[in-house]
Ligand SMILES: Cc1cc2nc3c(=O)[nH]c(=O)nc-3n(C[C@H](O)[C@H](O)[C@H](O)COP(=O)(O)OP(=O)(O)OC[C@H]3O[C@@H](n4cnc5c(N)ncnc54)[C@H](O)[C@@H]3O)c2cc1C
């Protein structure tokens, strides 16, 4: 990160950027500024010295020119959902992409071009007008930017792989201000880096995705159970591992959501097909006697809104991630639930926290070797995530420590991964203290060499820590 900007007069930015279409917001600008520093987690709100709301690649280049000239610390905001704090900064500039939300579909080529500040709802809704869909996040107010640059898992992953596996190109502004297209045939090395570590290489002003025909409605929704059903739910997850054909997904985990605020096991079902097929596939769960059943046939564009209510904007939140392998032993899961539940129950207003076992089929993901993209979490295992929600700032470090220990324990089943398997840590769930090699594994070396090529002074340093290193040629 650039330093020595303390003497910079941030109010001069309005004049310096007056020939652009960017809007400069300063702390004295009232409500509009206060709104601009809001984030999905209150935990990540920082009072930026200036927020520059850009509208196009030229605005980004002009802002980066000032950043370079005056040595100003900065970061980039996409959808504002990361809980590591990477999209916020205290004494510096936020390049805010929230005005860049246009989506353009090419129905002939079946491609979807989304500007850098779009959220998944923008993409899902526009693509659906052409009966198309791509692999988007499971909560549709999440940003396309951060989710894609870090990898991207969604309900369609079982069929089409990760979000980055369906990324055809990016329009990216480099730290030099140069605007380039990165794809498999243009700046291919940069395109390799962008798919998993993109936050470290530039500002992506547009993503172009492969779309797929999605004419049929889908069967999806939550079934909610009391915790005494954990053994049967685990038994079903173990069966799911063998019986799914990539057209299904199963998210399941613990929480104590309102209005009852009592511990439950949430399951979120997805089947890309008819109700009859979906009900037959998930029959074991339906027969278990859920206390609530909100499954239904819905248009695909609605699918990624189903979990929105579990992911509201109030409170402090933190994601954490690990990995698990199936089959799981039900007693092991009962023990994890007891620990999670005891911690949540012993703290005030933490009941909306969740621990989620994301049983999203990985067969398509591991068709791509880990060295083919910077993303290095491809393996024969699934992601487990914690999402803690609380209100008292004095609990921040206690929660961080508890989450880390719980995820470590939950990940024990995945420690027997083969050597060429992935790292077992999804970068987009990682907390700020997770090191680069834990996220990128053997890809760190090449990433650091590419940092040296594309961002030698490490100005894009607000995400995962990568250090630019020159390529060493051994004769
Ligand atoms: C409620 C919720 C649900 C989630 N569900 C899923 C899911 O289903 N699948 C999944 O894979 N992940 C999921 N995640 C994790 C998600 O991928 C990350 O939180 C991601 O960082 C969100 O991206 P964002 O653009 O909203 O975040 P931001 O906080 O805006 O950005 C995250 C990082 O990316 C950088 N960045 C963002 N946009 C750009 C851009 N255009 N150019 C350059 N850098 C950029 C930022 O500088 C920052 O470093 C979820 C997160 C939440 C909070």
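Quick note: the coordinates plus some simple rules give every number you see, no bench work behind them. Keep in mind that what you see is a predicted model, and the values were worked out from it rather than measured. Here the Cβ is made from the backbone with ideal geometry for all residues, glycine too, and neighbour counts use every protein chain on show.
Set the Förster distance to 25 Å, then compute FRET efficiency between residue 283 and residue 367 from the Cβ-Cβ distance, nearest 0.05. Could you put the intermediate results ahead of the total?
Details: r = 29 Å, r/R0 = 1.18.
After rounding, the FRET efficiency stands at 0.25.
Round to the nearest 10 and give me the degree value, 0 to 90, for the angle of helix 188-197's Cα axis relative to the longest principal axis of the chain.
The helix 188-197 is inclined about 60 degrees to the chain.
Starting from the Cα of residue 228, step 7 Å along the direction of its Cβ; do the same at residue 394; then give the gap between the two resulting points in nm.
According to this spin-label approximation, the distance is 3.9 nm.
On a 0 to 90° scale, report how tilted helix 396-410 is relative to the longest principal axis of the chain, with both axes built from alpha carbons and the result rounded to the nearest 10.
50 degrees
Using packing as a proxy for protection, rank 177-184, 121-128, 150-157, 73-80 so that the peptide with the highest average count of other Cβ atoms within 10 Å comes first. Let's see the in-between values first.
Details: 177-184: 16.5, 121-128: 21.5, 150-157: 26.9, 73-80: 25.4.
For the peptides 177-184, 121-128, 150-157, 73-80, the packing ranking is 150-157, 73-80, 121-128, 177-184.
Sort 55-64, 437-446 for me by packing, meaning the mean count of neighbouring Cβ atoms within 10 Å per residue, highest on top. All intermediate terms of the calculation are to be shown ahead of the outcome.
Numbers: 55-64: 21.4, 437-446: 19.7.
Result, highest mean first: 55-64, 437-446.
Multiply the residue separation of residue 15 and residue 332 by 0.36 nm, subtract the distance between their alpha-carbon atoms, and state the gained length in nm to one decimal. Can you show the working numbers first?
Numbers: separation 317, 0.36 × 317 = 114.12 nm, distance 6.08 nm.
Full extension of this stretch gives 108.0 nm more.
Can you give the Kirkwood hydrodynamic radius of the chain from its Cα pairs, in Å with one decimal? Walk me through the numbers before you get to the answer.
Details: mean 1/r = 0.0438 Å⁻¹.
Radius from the Kirkwood sum: 22.8 Å.
How far is it, in nm, from the label point at residue 35 to the one at residue 242 when both lie 7 Å from their Cα along the line to the Cβ?
Result for the modelled spin labels: 5.5 nm.
Could you give P(r) for region 218-429, binned at 5 Å from zero, as whole percent values over all Cα-Cα pairs?
Reading the bins upward from 0: 1, 7, 15, 19, 20, 18, 13, 6, 2, 0.
Compute the helix-to-body angle for 444-454: its Cα long axis versus the longest principal axis of the chain, expressed 0 to 90° and rounded to tens.
With both axes taken from Cα atoms, the answer is about 30 degrees.
Region 103-213: D in µm²/s via Stokes-Einstein (Kirkwood Rh, Cα pairs, 25 °C, 0.890 mPa s)?
Numbers: Rh = 13.6 Å.
This corresponds to a translational diffusion coefficient of 180 µm²/s.
If you average 1/r over all unlike Cα pairs in region 162-270 and invert the result, what Kirkwood radius do you get in angstrom? Kindly include the intermediate steps, with their values, before the conclusion.
Numbers: mean 1/r = 0.0567 Å⁻¹.
Kirkwood radius, region 162-270: 17.6 Å.
How high is the FRET efficiency from residue 346 to residue 176, r the C-beta distance, R0 51 Å, rounded to 0.05? Numbers along the way, then the final one.
Details: r = 52 Å, r/R0 = 1.02.
Approximately 0.45, to the nearest 0.05.
Please work out the Cα center distance from region 1-75 to region 379-443, rounded to the nearest Å.
Here the answer is 32 Å between Cα centres.
Under 8 Å for C-alpha pairs, at least 6 residues apart: give me the relative contact order for region 218-429, rounded to a whole percent.
Working: 378 pairs, mean separation 56.8, N = 212.
Answer for region 218-429 is 27 percent.
Over the chain, what is the mean sequence separation of C-alpha contacts under 8 Å (at least six apart), divided by residue count, expressed as relative contact order in percent? Each step should come with its number before you reach the end.
Details: 1078 pairs, mean separation 72.3, N = 475.
Relative contact order, the chain: 15 percent.
How much of the DSSP bridge set in the chain is antiparallel, in percent, rounded to the nearest 5?
On the way: 65 of 73 bridges.
Of all bridge pairs located within the chain, approximately 90 percent are antiparallel.
Do you know the relative contact order of region 1-151, to the nearest whole percent, from alpha carbon pairs under 8 angstrom that are 6+ apart?
Details: 277 pairs, mean separation 30.6, N = 151.
Relative CO of region 1-151 lands at 20 percent.
Please give the direction-averaged projected area of the C-alpha convex hull for region 10-96, in square nanometres with one decimal. Don't skip to the answer; put the middle values down first.
Numbers: hull surface 20.7 nm².
The Cα convex hull of region 10-96, projected and averaged over all directions, gives 5.2 nm².
Taking neighbour Cβ counts within 10 Å as the exposure measure, how do 467, 111 sort from fewest upward? Don't skip to the end; give the middle numbers.
Values: 467 12, 111 19.
So the ranking, lowest neighbour count to highest, is 467, 111.
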